[in-house]
Every structure is written in structure tokens, then in C-alpha cells.
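Just below is one structure, and these are the notes that go with it.
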Amino acid sequence: MINDKKVLFSGMQATGNLTLGNYLGALKNWVNICDEYECFYSVVDLHSITVRQDPAELRKRARQLLTLYIAAGLDPKKNCIYYQSHVSGHAELAWILNCFTYMGELNRMTQFKDKSAKHADNINAGLFTYPVLMAADILLYQADVVPVGKDQLQHLELTRDLAQRFNGVYGDVFTVPEPYLGKVGAKIMSLQEPTKKMSKSDENSNASVYLMDDTDTIMRKFKRAVTDSEGCVRYSEEQPGIRNLIDIYSACTGKTPQDIEKEFEGRGYGDFKMAVGESVVAVLKPLQERFEELSKDKAYIDEVIKENGEKANYYATKTLRKVQKKVGFPERIR
Ligand code: ATP
Ligand code: LTN
């Protein structure tokens, strides 16, 4: 607990351009629940270098992502928005936790299997121990809840196992975190292959709406979105393309799928796609404007980085010192 509130931790990697899926599935949820918790939202740049990155590009994207957190509505006075690489405790705790993690546990991780297949020329030890660093992120702040997508549940399960294992040996050191899954329907699918999730690493740029796409591009992508030949706007498993568009429209307008079916009864897909596109533009336009505005204010963003980096360091160090003492490292002389 911090300030009588439960603690929430989450993070995103600054790799690739964020999509509408990242926004509706993650960032928007973060904004909705942030008042209930003491929140830490990290730009997890240590995780990013598990695959090769261009240094200038990584630096640029990391700053963009941090700015986007704020543009999306996370108040940096209330939420700790910071770079993982500015808090050395992440790497230090990860090392200690590495010594409590079994090779067999990491061998089972599906993300490792997927990523090593994708980057066969660079299967490095960091990629293998990625989940341990993620566990360190979460445990360092004694987080109670971690909002993540389903794909991250296996990593969270490992985090819980490590916390319990460590607590079993040394007493109550870590809070055992719970996953926080957003509302169902928040999984946004590809506009070109609606049975696959919309993903920032998709090679087909028509499959994803990027948060920084302009109005014409967004409208064009929705016009080209793959649907079916039923010709009727219905929320059903048999119509994955239309179902996805209903989910998007619903997430952007707050209308229920049932209301949306009624609204478009007897109308063609053309009309519906236009409406979905416009609802997305209405959500993204203010976000983009706010992002542009914030990006220009270098001093403000720098101050957020500095202040929140210090705040994160304060809480991280508190846990880290406790852990170091428990495992038997010598006391610091002050
Ligand atoms: P990549 O394509 O590089 O694997 P990604 O777009 O799948 O990336 P992540 O960086 O893995 O995104 O995820 C960031 C956050 O966004 C996670 O919390 C994840 O659950 C969420 N997210 C990603 N894609 C979607 C989607 N299509 N619908 C809903 N949530 C999503
Ligand atoms: N692995 C996550 C990003 C991530 C994370 C975290 C999420 C790194 N550390 C801690 C929640 C909590 C991803 O790829 N989406």
C-alpha cells in the first residue's frame, strides 16, 4: 500500500508504432482505473534491447511513448510515469530473482519460443530471462495488480511463483500480484485478417490503425477492412470482421453491440464502416493534438522524467534494500 491505496504496475515496450489495439486494449484501461490505485507506468526500455534496436530510434520512441501515456490522460502528478532504465533497481532485483528461477520454468514460456523463432539469429540470454526482468518490475513496487493482456498471463504466473518462493524462504518480502484483465471485447483484431489480433509488428500496414494515422488514412483503412457477404451488421462469431468493427465502434462511442445492431439495421456495410472510421477519428484526433502540444514542451516532459524517475527510485530502493539484506549482502556504511 502507498498512501492507503493498492499499487498498480504496468509497462509497454517502445518498439514499433502503437496501434488502436494497444490504445483500446491497454492504455485506455489504464486511464479508466488509475484513480483507484497508486500507479506506476513504465516505458520498459531494458526489455526492448532483448531484440536489436537502433539507438537513436529507441531513444526517440521511448520519449514518444512516455509522452503518449500523458496525452492519453495519465496525469504524471498522480501516476508515476518513468523510464525503466532510469531505475537501476530493476536490473539489480532481476539478477537476484534470476538466482531463484529454474531453467525449466523459462523454457516453458511461449513468448520466448515465439520470439526466438522470429529472431533466430539473435537468441540471447536477455530474451530468455525477459520474464524475470518483468517479475522484478512488478515486485520492486510491491504491486497488487498488474493490468495486462492475455498474452502476458504466463509471465505474471511466473512472477507470482517467484514471489511466493522468495517469501517461503525469507518471510513476507513481496506482495503477490494479481492480474487485472480489462473488459472483454477489448481485444482488437486485424482489419485485414479479423481472426488475428491487431499488432504493431504486422507487416501489412492496412491491418492496423496507428495512433498517429491522419484522418484520411484512418478512413481509408476502415473502407478496406475485410468483412463478409452477409450484408447485415450483426454481433456474431460467424462474422469476425463485422464483430471486430462493432467492438471498435462500441469502445469508441460507449454504445452497446445491441444498440449498434439496431442503429445499422437495414443499412449497408459502407455506411457502417464510415461511422466506425469517424468514431475512431473522434477518439484519436484529441489524443494526437494533445501529443503534439506536449511534444513541443520539452521542459515539461523533462521535468516529468526527472521527478517521476526520482519517485520510482525511492520506492524501488526501499524494496531492493530489504531484499539485499534478506539474501545476506553486507550492510551499507553511511
Ligand atoms: P507486437 O506486435 O510487437 O507483439 P503488440 O501490438 O502485440 O506488439 P505489446 O507491446 O505486446 O503489443 O502489448 C502492449 C499492450 O497492448 C499489452 O498490454 C497488450 O495486451 C495490449 N494489446 C496489444 N495488442 C492488442 C490488441 N489487438 N487488442 C487489445 N490489446 C492489445
Ligand atoms: N512484457 C510486457 C511489457 C512489460 C510489462 C512489465 C507489463 C514489461 N514489464 C510489467 C506489465 C508489468 C509486454 O510485452 N506487453
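Please treat every number below as a calculation from the coordinates, not as lab data. Model, not experiment: these values are computed from the prediction. Virtual Cβ from ideal backbone geometry, glycine too; neighbours counted across all protein chains shown.
Take every DSSP beta bridge with both residues inside the chain and express the antiparallel ones as a percent of the total, to the nearest 5. Let's see the in-between values first.
On the way: 3 of 17 bridges.
Counting only bridges with both partners in the chain, antiparallel ones make up about 20 percent.
Please give every one of the lysines within straight-line cross-link reach of K221, meaning a C-alpha to C-alpha distance under 23 Å, and leave out same-chain neighbours fewer than 8 residues apart.
K28, K187, K196, K197, K200, K255, K273, K285
As an exercise, use a Förster radius of 51 Å and the Cβ-Cβ distance of F329 and R290 to find the FRET efficiency, rounded to the nearest 0.05.
Calculated value: 0.70.
Per residue of the chain, what 222 nm ellipticity follows from adding -39500 (n - 2.57) for every DSSP H run with n ≥ 4, rounded to the nearest 500?
On the way: 13 runs with 173 residues, N = 334.
The per-residue figure over the chain is -16500 deg cm²/dmol.
For N204 and R267, what does the FRET efficiency come to when R0 = 25 Å and r is the distance between their Cβ atoms, rounded to the nearest 0.05? The partial results should precede the final answer.
On the way: r = 28 Å, r/R0 = 1.12.
The calculated FRET efficiency here is 0.35.
Sticking with the crude label model, points 7 Å out along Cα→Cβ, report the distance from D302 to D172 in nm, one decimal please.
Going by the 7 Å Cα→Cβ label model, 4.4 nm.
Fewest Cβ neighbours within 10 Å first, please rank F9, F166 accordingly.
So the residues, fewest neighbours to most, are F166, F9.
Charges at C-beta only: +1 for Lys and Arg, -1 for Asp and Glu. How large is the resulting dipole of the stretch 22-102 about its Cα centre, in Debye rounded to 20? Walk me through the numbers on the way to the answer.
Values: 8 positive and 8 negative charges, 62 e Å.
Result for the stretch 22-102 is approximately 300 debye, rounded to the nearest 20.
Using a 10 Å cut-off around each Cβ, can you sort F291, F222 from fewest to most neighbouring Cβ atoms?
F291, F222
Does anyone have the angle between helix 89-98 and the longest principal axis of the chain? Alpha-carbon axes, 0 to 90°, nearest 10?
80
Please arrange S116, S208, S190 by counting, for each residue, the other beta carbons lying within 10 Å of its beta carbon, fewest first.
Details: S116 15, S208 26, S190 23.
Exposure proxy ranking, most exposed first: S116, S190, S208.
Tell me the angle of helix 153-170 to the major Cα principal axis of the chain, expressed in degrees between 0 and 90 and rounded to the nearest ten.
Roughly 20 degrees, rounded to the nearest 10.
To the nearest 10 degrees, how steeply does helix 125-140 sit against the main Cα axis of the chain, on a 0 to 90 scale?
Compared with the principal axis, the helix lies near 80 degrees.
What residues of the stretch 100-133 lie in the reach of a label at Q154, counting those whose backbone N is under 16 Å from a point 7 Å from the Cα along Cα→Cβ?
Once the point is set 7 Å along Cα→Cβ of Q154, 102-119, 127-133 turn out to lie under 16 Å by backbone N, inside the stretch 100-133.
If you take the charge dipole of the chain about its Cα centre, with +1 on Lys and Arg Cβ and -1 on Asp and Glu Cβ, which of A251, A316, L18 is farthest toward its positive end?
Towards the positive end, the residue furthest out is A316.
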